[in-house]
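Notes for the one structure printed next.
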Amino acid sequence: MPVRRGHVAPQNTFIETIIRKFDGQNRNFIIANAKVQGCAIIFCNDGFCELCGYSRAELMQKPCSCDFLYGENTSEKAIEEIRFALENGEEKQVEATFYKRNEIM
C-alpha cells in the first residue's frame, strides 16, 4: 500500500522504512521536511490524527512545531525550547501541553 505524503516530501526509501517500522507499533507520530521553511509536516499516521482531532489533509504542510496545538496552558518555556531545537537541529526532550482541535480556544 503506497504511503501518502505532502507534495514537498522527498522521494526517499528511508522515510518509507520509518513509516512502516513505527506505524504498526501503536505510536502517534509525524514526519517533517527539515529542508523547507517551518519544517513542514509531510506525513502523519492515523493515530496522530485521532489524537489531535485533525485530518491528515489538514495537517499536511503545517509546521512540525505543532503550534496549532498550543493552548492557554502551554508553557512559553516549552514553546521556546521546541523552537530553538528545531531551528538548531538539536535533539531535545520537552514536556508540553498540547490540545485537541476541539479544546483550543
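The values are calculated or read from the model by the stated rules, or taken from the named source; none is laboratory data. Remember, predicted model here, so these are calculated numbers, not experimental data. Every residue, glycine as well, gets a Cβ built from its backbone with ideal geometry; the counts of neighbours run over all protein chains shown.
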- Item | Scope the range 36-59; condition assigned to a loop (DSSP other than H, G, I, E, B) and either without any contact (Cβ under 8 Å) to a residue 24 or more places away in the chain or under 12 Å from the mean Cα position of the chain (by Cα) (or both); matching residues | Gln37, Gly38, Cys39, Asn45, Tyr54, Ser55
- Identify all residues within the range 51-105 that are on the phi > 0 side of the Ramachandran plot and surrounded by 13 or more Cβ atoms within 10 Å (Cβ to Cβ); write none if there are none. Gly53, Gln61, Cys66
- Item | Test: Glu76 is of a type in the set (Asp, Glu) and modelled with pLDDT of 95 or more | yes
- Note on the structure: Counting only residues that are part of a loop (DSSP other than H, G, I, E, B) and within 16 Å of the chain's Cα centre (by Cα), the range 91-105 contains a total of 9
- Query: How many residues does the range 60-86 hold that are within 15 Å of the chain's Cα centre (by Cα) and of a type outside the set (Phe, Trp, Tyr)?
  - Reply: 14
- If only one of Glu103, Glu87, Glu58 is more than 19 Å from Asn28 (Cβ to Cβ) and either assigned by TED's automatic domain parsing to the domain that holds Phe14 or charged (D, E, K, R) (or both), which one is it? Glu87
- Message: If Pro10 satisfies all but one of (1) at negative phi; (2) modelled with pLDDT of 90 or more, what's the number of the condition it fails?
- Response: (2)
